[in-house]
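The values are calculated or read from the model by the stated rules, or taken from the named source; none is laboratory data. No experiment lies behind these values; they were computed from the predicted model shown. Heads up, the Cβs are rebuilt from the backbone with ideal geometry, glycines too, and the neighbour counts pull from every protein chain shown. Keep in mind that these areas ignore ligands, DNA and RNA; they rest on the heavy atoms of the full protein, side chains included. Shrake-Rupley method; radii C 1.70, N 1.55, O 1.52, S 1.80 Å.
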Amino acid sequence: MGSGSSSEAKEVQSAPPTARQTPKQPKRNRQFEEVQIAAGTSSRARSQGASPNPGSSSNRTPRGQDPGASGSTAERRPKEQTSQRGAAANASNGKKDPPEQTPALEGVKLKDKKPQSQGRSANMPAQQKEDDIVFETFYHRSGKEFQCIYQTGMRFYLDDWGSKEWQPFPKRWYNEGLLVTNTILKDDSQQEQAGQSGEQGAGASSQGQSSKSQGRSRGGGADDREGFLMHPTRGRIPTYIFYKKHNVHMYFDKDTGSWVRMPIGWELHHNMVKSLVDQVEEAVPTWGDRQDILSLLRACNYDPDECISIYLHLQKDQWMKAPKTAKEGKAMEEGENRMADLEEKVRKMEIELQKERTTRQEMERNLEEQMTKYSELEVEAKEWEAQLSAATGGRPMSARPISRMHKAGKGPPPKGGKGKPVPMPQVEETVNPDDVLDLDANAKELRKSHTRLKMDVERYMGDLKHIMGQIGPTIKQLKLSEKSSQGEIEEVRALYRKEAIQRKLLYNQLQELRGNIRVFCRVRKDDRAESCLKFPSDTDIVAINPQQGKKMFTFDRVFDPNSTQEQVFDDTKSIITSCADGYNVCLLAYGQTGSGKTFTMMGPENNPGINIRAMKELFKVCDEKKETMSFNLVVSLVEIYNETIQDLLTSEAKTLELRTAGNKVNIPGLTEYPIKNLKDVQTVMGLGDKNRSVASTKMNSTSSRSHLVLMLAVEGKDKVTGAITRGTLVLCDLAGSERISKTEAEGQRLVEAAAINKSLSALGQVFTALRSSQLHVPYRNSKLTQILQPSLGGDAKACLFVNVSPDSYNFMESVSTLQFGANARQVALGQAKQNISKGKG
Ligand code: ADP
Ligand code: MG
């Protein structure tokens with residue numbers, strides 16, 4: 001916090017009032033009451049339609065008394081007086097803060113404006129509450145931050161949280177930095193106004209541009225992930241930097257002893273990566289550029305399917321659009337069935353064709369054999385004929401051979417002889433005329449069979465030709481359709497892969513959105529009061545007021561007044577126990593004082609809340625895993641009051657400092673208490689309670705003005721591998737979120753209010769930034785968000801309990817609390833919508 005500001009204060013013409021002085025200056029206060037405040041756009045007031053009716057201070061909660069513990073006095077405090085949450089963007093609007101004007105002069109001027117605007121500034125929304133104090137943060141260009149309040153046309157800044165000295169805001173500062181209104185409840189118009197105020201302030205500043213961007217990122221209003229690029233052919237393309245977890249391929253560098261990101265040229269020689277690139281290259285041979293493929297593979301977490309799908313998507317002209325309707329899905333299915341039928345047909349025809357081929361080959365073989373036989377026989381026949389003609393001397397073969405008769409000694413002797421036998425040539429002795437006749441008959445038979453065979457072959461060949469002529473075109477057609485079907489199948493497969501990837505991405509996004517921040521609503525039991533709440537289902541809650549009408553909110557779960565501590569715990573059990581698996585888990589209770597935050601988180605001894613039950617469950621989980629794991633549980637308890645952290649497990653008044661490194665937060669000197677069983681837990685809680693009440697007495701504060709943070713570190717060691725998992729469970733009972741009116745805003749109370757406003761605004765901004773995945777999550781804006789950083793960002797799981805009272809008397813506060821919870825939930829849905837519209841634009 002800034003120091004040496006007294007010199008700045010001297011520049012202001014009016015006497016610098018201090019916080020202590022403020023309430024003790026009845027004159028000033030009276031003047032304030034008379035002046036109609038032109039600034040102050042309370043988000044609360046806007047959302048609820050509060051009437052501008054400043055109340056008296058008679059119902060103010062006595063200091064040092066916990067209104068919650070005493071039957072929720074604060075909860076019953078008239079709404080008009082419990083205005084703490086001022087969020088007047090206009091207060092920081094340059095129009096209202098001309099640097100030349102002193103705050104006092106402005107007050108007079110505003111008074112003059114009354115008749116024209118019925119006490120409101122022209123920019124003031126109809127439902128604005130006029131006695132709201134506006135809390136602001138001033139970012140000085142030196143890097144220092146100051147908490148400011150704007151009240152009845154005057155602006156003060158807090159010199160130091162400890163000193164509680166409110167100083168008049170030096171007019172010189174309007175040129176030296178940026179004023180941003182603290183907003184607990186975020187809505188679009190408010191963000192816009194905050195942005196405008198930032199721009200106005202920055203306009204007057206010599207460092208306008210830097211101040212503006214600084215303010216935007218701190219306020220979390222603008223989306224720094226959004227942008228565009230000018231494509232040479234596609235024109236203006238909207239872009240968005242999404243948050244994704246990524247695999248990063250590193251190599252170990254011996255020189256520096258550290259892991260270094262692998263250059264793309266090296267990675268192409270890595271076996272596993274090489275095969276992935278090959279896979280993509282094979283699927284998309286037209287791509288060609290291996291470095292390019294690897295770059296996209298890196299961006300796709302080394303998933304070749306996704307890489308291919310993205311590439312193909314970019315070539316979408318050649319690709320069908322993904323099926324979106326049931327009709328298209330059905331058509332795809334029918335296509336696949338048709339394909340299967342066609343494939344089956346092709347298979348059958350191919351079998352038939354094969355059979356035909358075999359038959360033809362067999363026939364050809366037969367024919368060949370017959371032909372060979374025939375030509376052999378022909379040769380033989382020719383030989384015989386030759387022999388025969390040689391033997392018969394040209395006699396016809398049909399004549400009876402003489403030699404045969406002679407040999408048998410039958411018949412007349414040959415003519416020309418006188419009883420003396422005529423010697424016959426030797427050959428005539430060997431030729432048997434019967435054999436010749438047989439042979440002749442055989443030859444004739446063979447000729448016939450040859451002719452028959454020839455005819456058969458010709459007939460078969462004709463048939464074959466005919467068959468081939470018939471099935472040829474069919475086969476051709478089948479082959480063609482097979483080819484096109486294969487293309488179709490590939491296309492359908494690519495589409496399916498793409499669809500599956502998209503579904504997976506969406507599912508992951510949904511899980512991230514659903515899983516990381518859950519919002520539960522718990523309604524306090526109150527039998528005496530008339531309830532303004534209805535519960536249509538276990539996720540919906542309706543707030544009803546005759547004047548305001550109905551307002552419905554949806555949460556991950558709504559616990560009605562009859563819900564028990566067991567039921568509430570059961571729904572958070574799985575999240576809580578995941579800290580034994582190394583997750584950081586955070587549970588927060590938000591709501592007005594007396595709405596049941598402490599009851600939910602801590603609970604009474606005989607009916608404990610989440611904390612004791614959580615630790616009991618964790619002991620059980622650790623015990624179940626004791627065969628393989630050993631656990632160490634260490635607990636710490638701190639209180640955050642006026643932006644200072646107090647260790648509650650030590651009796652010495654010890655203020656702690658936070659050291660952040662990346663996503664880790666270290667609190668040097670924090671007392672850590674090892675716990676082994678429930679008795680240890682009770683000892684720790686008792687000690688914490690005692691120290692808290694001592695501290696609050698010393699500071700004259702109440703427990704509802706501070707945040708109580710219980711931190712449980714769970715370290716598990718795998719008995720086999722030695723691997724260590726570290727998870728933390730953080731249970732946070734937040735300070736009361738109710739507004740305070742300016743009549744209550746005195747001295748210490750005003751500083752407390754500013755501190756609560758600052759930290760709850762910061763919490764809201766962190767939720768917004770986390771839900772919309774902004775690059776900059778403004779954890780550093782308060783001690784509360786800083787301490788919660790490891791349990792809110794990254795892989796951490798957070799549950800926000802919004803605690804409300806059913807009493808219709810508290811309608812305004814309840815609606816405001818429900819709105820805070822709904823905002824934490826709705827940002828996610830809004831973001832999803834926003835992305836879609838960005839895609840179109
Ligand atoms: P907070 O912490 O929000 O100020 P408390 O938890 O102290 O509120 O609750 C105020 C009072 O209401 C306490 O007396 C508490 O016992 C009681 N109370 C709160 N919630 C319930 C509940 N669900 N059932 C019964 N009593 C409750
Ligand atoms: Mg409490």
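Only one of the numbered conditions (1) among the charged types (D, E, K, R); (2) within 26 Å of residue 763 (Cβ to Cβ); (3) open to solvent by 40 Å² or more (accessible area, probe 1.4 Å); (4) within 16 Å of ligand 2 (Cβ to nearest atom) is not met by residue 522, and that is (3).
For the range 512-533, indicate whether the set of residues that are of a type in the set (A, V, I, L, M), more than 33 Å from the chain's Cα centre (by Cα), modelled with pLDDT under 85 and within 16 Å of ligand 1 (Cβ to nearest atom) is non-empty. Yes, there is a match, as at least one residue in the range 512-533 is of a type in the set (A, V, I, L, M), more than 33 Å from the chain's Cα centre (by Cα), modelled with pLDDT under 85 and within 16 Å of ligand 1 (Cβ to nearest atom).
Restricting attention to the range 577-609, and to residues there that are hydrophobic (A, V, I, L, M, F, W, C) and under 15 Å from residue 635 (Cα atoms), which single residue is nearest to ligand 1 (Cβ to nearest atom)?
First, pick out the residues of the range 577-609 that are hydrophobic (A, V, I, L, M, F, W, C): 579-580, 585-589, 599, 601-602.
Checking the rest, the ones that are also under 15 Å from residue 635 (Cα atoms) come to 579-580, 585-586, 602.
Details: 579: 24, 580: 27, 585: 21, 586: 18, 602: 8 Å.
Result: 602.
Could you tell me whether the range 576-583 includes any residue that is outside any helix (DSSP H, G or I) and modelled with pLDDT under 90? Yes: the range 576-583 contains one or more residues that are outside any helix (DSSP H, G or I) and modelled with pLDDT under 90. Only a single item in (1) at negative phi; (2) within 13 Å of ligand 2 (Cβ to nearest atom); (3) open to solvent by less than 10 Å² (accessible area, probe 1.4 Å) is not met by residue 636, and it is number (2). Condition check for residue 704 on (1) within 16 Å of ligand 1 (Cβ to nearest atom); (2) touching a Ser or Thr at 6+ places or on another chain (Cβ under 8 Å); (3) in a loop (DSSP other than H, G, I, E, B); (4) at pLDDT below 90: one failure, at (3).
Select from the range 713-730 the residues that are in contact with a Gly (Cβ under 9 Å, 6 or more places away or on another chain) and open to solvent by less than 10 Å² (accessible area, probe 1.4 Å) and list them in ascending order. Answer for the range 713-730, where residues must be in contact with a Gly (Cβ under 9 Å, 6 or more places away or on another chain) and open to solvent by less than 10 Å² (accessible area, probe 1.4 Å): 714, 716, 727. If you go through the range 529-549 and keep only what is open to solvent by 30 Å² or more (accessible area, probe 1.4 Å) and under 14 Å from residue 810 (Cβ atoms), you end up with 530, 531, 544, 548. Count of the range 664-701 residues, restricted to those that are in a strand (DSSP E or B) and modelled with pLDDT of 90 or more, is 3.
Does at least one position in the range 620-631 carry a residue that is part of a helix (DSSP H, G or I), within 16 Å of ligand 1 (Cβ to nearest atom) and of a type in the set (D, E, K, R)?
Going through the range 620-631, the residues part of a helix (DSSP H, G or I) turn out to be 620-624.
Now narrow it down to the ones that are within 16 Å of ligand 1 (Cβ to nearest atom): none.
Looking through the range 620-631, none of the residues is part of a helix (DSSP H, G or I), within 16 Å of ligand 1 (Cβ to nearest atom) and of a type in the set (D, E, K, R).
For the range 445-457, how many residues meet the condition of being open to solvent by 80 Å² or more (accessible area, probe 1.4 Å) and more than 14 Å from residue 382 (Cβ to Cβ)? The total comes to 5.
Within the range 725-739, the residues that satisfy the criterion of being away from ligand 2 (no atom under 11 Å from the Cβ) and outside any strand (DSSP E or B) are 737, 738, 739. Among the criteria (1) more than 22 Å from residue 608 (Cβ to Cβ); (2) within 16 Å of ligand 1 (Cβ to nearest atom); (3) free of Cβ contacts under 8 Å to residues at least 12 places away in the same chain, the one residue 689 does not fulfil is (1).
The single residue among 633, 648, 637 that is over 27 Å from residue 795 (Cα atoms), touching a Lys or Arg at 6+ places or on another chain (Cβ under 9 Å) and aliphatic (A, V, I, L, M) turns out to be 648. Residues of the range 264-294 that are closer than 30 Å to residue 773 by Cα and open to solvent by less than 50 Å² (accessible area, probe 1.4 Å): 264, 293, 294.
Out of the residues in the range 137-184 that are hydroxyl-bearing (Ser, Thr, Tyr) and out of contact with any Cys (no Cβ under 8 Å at 6 or more places or on another chain), which is surrounded by the fewest Cβ atoms within 10 Å (Cβ to Cβ)? Break it down into steps so the answer makes sense when it comes.
Keep residues of the range 137-184 that are hydroxyl-bearing (Ser, Thr, Tyr), which gives 137, 139, 142, 150, 152, 157, 163, 174, 181, 183.
Pick out the ones that are also out of contact with any Cys (no Cβ under 8 Å at 6 or more places or on another chain) and you get 139, 142, 150, 152, 163, 174, 181, 183.
On the way: 139: 21, 142: 9, 150: 27, 152: 25, 163: 15, 174: 23, 181: 29, 183: 29.
Among residues in the range 137-184 that are hydroxyl-bearing (Ser, Thr, Tyr) and out of contact with any Cys (no Cβ under 8 Å at 6 or more places or on another chain), the one surrounded by the fewest Cβ atoms within 10 Å (Cβ to Cβ) is 142.
Among the residues of the range 715-753, those that are hydrophobic (A, V, I, L, M, F, W, C), away from ligand 1 (no atom under 16 Å from the Cβ) and at pLDDT 90 or above comprise 729, 730.
Hey, any hits in the range 657-673 for a residue that's more than 16 Å from ligand 2 (Cβ to nearest atom), β-branched (Val, Ile, Thr) and over 20 Å from residue 733 (Cβ atoms)? Can you show your working first?
The initial filter retains those residues of the range 657-673 that are more than 16 Å from ligand 2 (Cβ to nearest atom), namely 657-673.
Filter once more, so that each one left must be β-branched (Val, Ile, Thr): 660, 665, 667, 671.
Pick out the ones that are also over 20 Å from residue 733 (Cβ atoms) and you get 660.
Yes, the range 657-673 contains a residue that is more than 16 Å from ligand 2 (Cβ to nearest atom), β-branched (Val, Ile, Thr) and over 20 Å from residue 733 (Cβ atoms).
Being of a type in the set (Lys, Arg) and touching a helix residue (DSSP H, G or I) at 6+ places or on another chain (Cβ under 7 Å) is the requirement here; does residue 573 meet it? The answer is yes for residue 573.
Taking the range 562-609 as the range and being within 16 Å of ligand 2 (Cβ to nearest atom), touching a Pro at 6+ places or on another chain (Cβ under 8 Å) and under 28 Å from residue 757 (Cα atoms) as the test, the residues that pass are 593, 594, 602.
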